[in-house]
Structures are given as structure tokens and as C-alpha cells.
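To start, the structure itself, in C-alpha cells.
The values are calculated or read from the model by the stated rules, or taken from the named source; none is laboratory data. Everything numeric in this text was worked out from a predicted model, so none of it was measured. As a convention, Cβ positions derive from the backbone with ideal geometry for all residues, glycine included, and neighbour counts pool all protein chains shown. Side chains are part of the model used for accessible areas, which takes the heavy atoms of the whole protein and leaves out ligands, DNA and RNA. Shrake-Rupley method; radii C 1.70, N 1.55, O 1.52, S 1.80 Å.
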Amino acid sequence: MTGTTVPTTMRASVLLKQGVVEMQERPVPAPGDGEVLVRVGSVGVCGSDVHYYKHGRIGDMVVTAPIVLGHEVSGTVVSVGRGVPESRVGDRVAIDPQVPCRQCRQCKTGRSNLCPFMEFYATPPFDGTFCDYVTAPADQAYTVPDSLSDESAALLEPLSVGLWAAHKADVGPGDQVLIAGAGPIGAMCAQAVRARGATDVVVTDFVDSRRERITSFGATRALHPVADAEEIAALRADAFIDCSGATPAVLSGISSTRGGGTVVLVGLGAEEMPLPVQLIATREISVTGVFRYIDTWPRGIALTTSGAVHLDDMVTARYPLEQVEDALNADSDPLSMKAVVVVNAPEGN
Ligand SMILES: [Zn+2]
Ligand SMILES: [Zn+2]
């Protein structure tokens with residue numbers, strides 16, 4: 001291991017069990033072969049972090065031992081493992097948090113996001129990034145330009161969900177896209193489909209303030225699911241992306257999708273719901289899901305740097321590492337869009 005001087009211990013915010021967070025001192029990890037050690041800058045708070053904190057599990061992924069949450073992360077490379085050029089030390093990076101096995105059939109056939117052996121920050125038993133230092137494969141730590149803030153760089157992760165959803169929806173120039181849910185992921189999807197050339201981006205949400213805000217994040221129209229039900233029913237969208245997880249929104253979205261169109265399920269709500277299979281069959285609608293993403297960081301960096309996508313404006317609250325618990329409770333405020341934990345402020349500030 002080579003690089004600048006790194007301390008031997010660090011701060012880490014640890015979820016001991018459901019609802020209990022504690023600051024601990026932990027050893028700084030050493031970068032293995034092909035890895036970089038990154039001093040963490042900013043970490044976005046994700047719905048999955050909140051879910052682990054409040055419920056102790058997501059489906060069959062259960063918190064059975066203390067875990068560090070956080071996976072939307074940016075920072076600075078401070079040392080490199082064997083096989084990584086030392087010139088990377090000092091790079092400001094955004095990390096794609098996926099470590100697929102690169103050996104299995106899914107990995108070898110271009111579906112590494114579905115690798116059954118995936119290691120992912122803050123998914124039990126793997127620790128996340130609410131701490132001072134993390135390791136990552138060097139090729140998953142993408143160098144970002146100086147014009148991109150630490151916060152924008154961290155939010156390339158949720159943007160990646162939007163980019164992958166837009167890719168799965170096969171959105172093209174001039175398309176009409178319906179999106180249910182104007183929360184952070186709805187906003188990422190709206191920006192992503194606009195960047196792919198969609199010209200009519202209709203976003204639905206019950207909350208007035210979210211509808212007002214979403215027109216600054218890619219939406220061309222923001223509609224109320226009930227008050228504007230007729231307008232929604234009249235749509236024949238090229239693609240429908242659900243970011244709400246709400247059964248009525250999914251059903252209405254499917255019936256507002258044109259023949260041959262695509263439905264992408266991003267939001268997770270009910271484990272099962274009845275689907276209008278005859279309508280799906282007779283309209284030849286493709287229904288698919290989204291699980292993580294593949295190789296979205298280079299596009300995300302390009303789109304954010306060029307100004308096609310705005311991530312800084314999405315941050316509505318900031319917390320120091322000692323206040324991770326407050327950050328995990330920030331979503332109870334309906335005006336909250338995205339909370340960020342500033343683990344280490346940029347140098348010079
Ligand atoms: Zn996330
Ligand atoms: Zn694999």
C-alpha cells in the first residue's frame with residue numbers, strides 16, 4: 001500500500017440493531033489488490049438506509065449484526081493497493097457501490113447488476129460508507145471533474161437508478177413518459193428521461209409541494225392522481241415508470257401506456273398486486289423491474305457536468321457524521337427531497 005499518510009483508526013456511524021445508531025472508532029481498512037482507499041466526502045441518505053434503520057430489514061436482507069449504512073458516496077483517493085497506479089492518489093471520485101463477482105454467468109453475459117454474489121455497501125453483511133474511509137475497486141471509483149461538488153458526485157448513485165430506469169424504458173427523442181411519484185427517485189427518473197430526449201414528462205403525486213417542485217427536475221407537467229384523473233387516463237405514454245410503489249398508481253399507469261409501450265417498476269410497495277393481464281396482453285405492453293444499474297457513472301458524470309441534469313439543487317438538508325440518526329429521520333419532513341451526510345467537508349472550507 002502506498003500513498004499519503006492515513007490514520008490507523010476512523011469514525012464510523014454504526015447501526016447496532018433496528019433503530020439504534022452509535023458512533024464507534026474502527027480501524028481504517030487497507031486497500032487490497034486493485035483497490036483504492038477513499039477518504040469519504042459526502043454520502044446521500046437513501047430510502048434503503050432509512051428502511052434498514054426503521055425496520056431492520058428489506059425483504060430477505062436482514063440486519064443480524066451491527067452494520068455501517070450509506071452507499072451514495074463521493075470522496076478523495078488517499079492510497080492505492082497493488083496494481084493501481086499511484087497517480088490516482090488525490091483523485092476526487094464517485095463510487096459505483098457494486099462489487100460483482102465478475103465470474104458468474106450473469107456477470108459474463110452483461111447482467112452484472114443481477115450477480116447473485118454481489119457485494120454492495122450497506123447491504124448485510126457488508127459495511128457501508130457512513131465512516132471516514134472506505135475501500136473500492138479502482139475501476140468502480142470514477143474520477144469526477146472539479147466542477148462537480150462532493151454532493152453531486154454522491155448523488156450520481158440515485159441518478160444511476162434513474163438512468164437505468166430510462167434505459168429499461170427505452171425512452172427516446174420526443175417520447176411521452178408518465179412517472180408516478182415525485183420523490184427523489186421520481187426526480188432522478190424525470191431528469192434522466194428528459195436527458196434522453198423525452199419531451200412530455202408527466203409526473204403524478206398527491207403532495208402539492210412535491211408537484212410544484214418536480215417541474216424544476218425534469219417534469220413538463222405535474223398532475224394530481226385523483227383531481228387530474230381524467231387527464232392521466234387520456235394519456236398513451238410511450239413509457240410508464242412507477243416510483244411510488246402504490247398499487248392504484250401502478251394500475252392507472254399501465255392503462256395510460258400505449259400499445260407496445262414499456263412499464264418499469266422502480267418503487268417497492270406491496271409485495272404482490274393484481275395486474276390487468278388482458279390489457280397488458282392485447283396492448284403488448286412490456287413490464288419490467290429495475291435492480292441497481294450497469295456502467296451508469298460515466299454518463300451520469302457527463303450529464304451532470306454538462307448541465308443536462310441538476311443534482312446539487314436536490315439537497316434539502318445536511319448533517320455531520322455524528323448526526324446520521326437525524327439524517328435517517330429527515331424524510332418525515334414532507335419538504336425533504338434529499339438529505340446528505342457531510343462526512344468530511346471539502347478541503348479549504
Ligand atoms: Zn441509493
Ligand atoms: Zn457474478
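Under 5 Å between amide hydrogens, built in the peptide plane, is the criterion, and for Arg318 it picks out Val340 among residues at least 5 positions away or on other chains. Counting other C-beta atoms within 10 Å, and keeping those with at most 14, which DSSP coil trypsin sites (Lys or Arg not before Pro) do you find in the range 45-130? Passing both the DSSP loop test and the Cβ count: Arg82, Arg102, Arg111. Evaluating 6.51 cos²θ - 1.76 cosθ + 1.60 at θ = phi - 60° for every residue in the range 205-222, the Karplus couplings come out as 6, 6, 7, 3, 5, 5, 5, 4, 6, 5, 5, 8, 10, x, 6, 9, 9, 10 Hz, glycine and proline recorded as x.
Computed with a 1.4 Å probe over protein heavy atoms only, the accessible surface of the chain comes to 44 Å² per residue. Take every Cα pair under 8 Å whose residues are at least 6 apart in sequence, average their separation, divide by the length of the range 1-64, and the relative contact order is 30 percent.
From its DSSP helices (H runs of at least four residues, each -39,500 (n - 2.57)), the chain gives a residue-normalised ellipticity at 222 nm of -6500 deg cm²/dmol. Per atom type, the chain shows carbon and sulfur on 52% of its accessible surface, probed at 1.4 Å.
Taking every alpha-carbon pair within the chain, the share separated by more than 37 Å comes to 18 percent. Rg then Dmax, both in Å and based on the Cα atoms of the range 32-168: 15.0, 43.
Coupling constants for the range 144-157 follow from the phi torsions by the Karplus curve (6.51 cos²θ - 1.76 cosθ + 1.60, θ = phi - 60°), and in residue order they are 10, x, 4, 5, 8, 6, 4, 5, 4, 4, 5, 7, 5, 5 Hz; glycine and proline get x.
Straight-line cross-link partners of Lys17 among the lysines, defined as a Cα under 27 Å from its Cα and at least 8 positions apart when in the same chain: Lys54, Lys338.
Residue-wise HN-Hα couplings along the range 181-198, as the Karplus relation 6.51 cos²θ - 1.76 cosθ + 1.60 with θ = phi - 60° gives them from phi, are x, 9, x, x, 6, x, 5, 5, 5, 4, 5, 5, 6, 4, 5, 8, x, 4 Hz; Gly and Pro carry x. Based on Cα atoms of the range 208-324, Rg over Rh with Rh as the Kirkwood radius reads 1.02. For the range 282-349, GluC sites (Glu not before Pro) meeting the loop criterion (DSSP other than H, G, I, E, B) and having at most 10 other Cβ atoms within 10 Å: Glu284, Glu347. So if R0 is 51 Å, what FRET efficiency would Asp139 and Ala229 give, r being the distance between their Cβ atoms, rounded to the nearest 0.05? Once the sixth-power term is evaluated, E becomes 0.60. Modelled label positions at Thr288 and Phe206, each set 7 Å beyond Cα in the direction of Cβ, lie 3.1 nm from each other. The modelled label-to-label distance between Glu119 and Leu275, using points 7 Å beyond Cα along the C-beta direction, is 3.5 nm. Its relative contact order, with pairs defined as Cα atoms under 8 Å and 6+ residues apart, puts the chain at 17 percent.
A simple spin-label model places pseudo-atoms 7 Å from Cα toward Cβ; at Glu347 and Glu22 they are separated by 3.4 nm.
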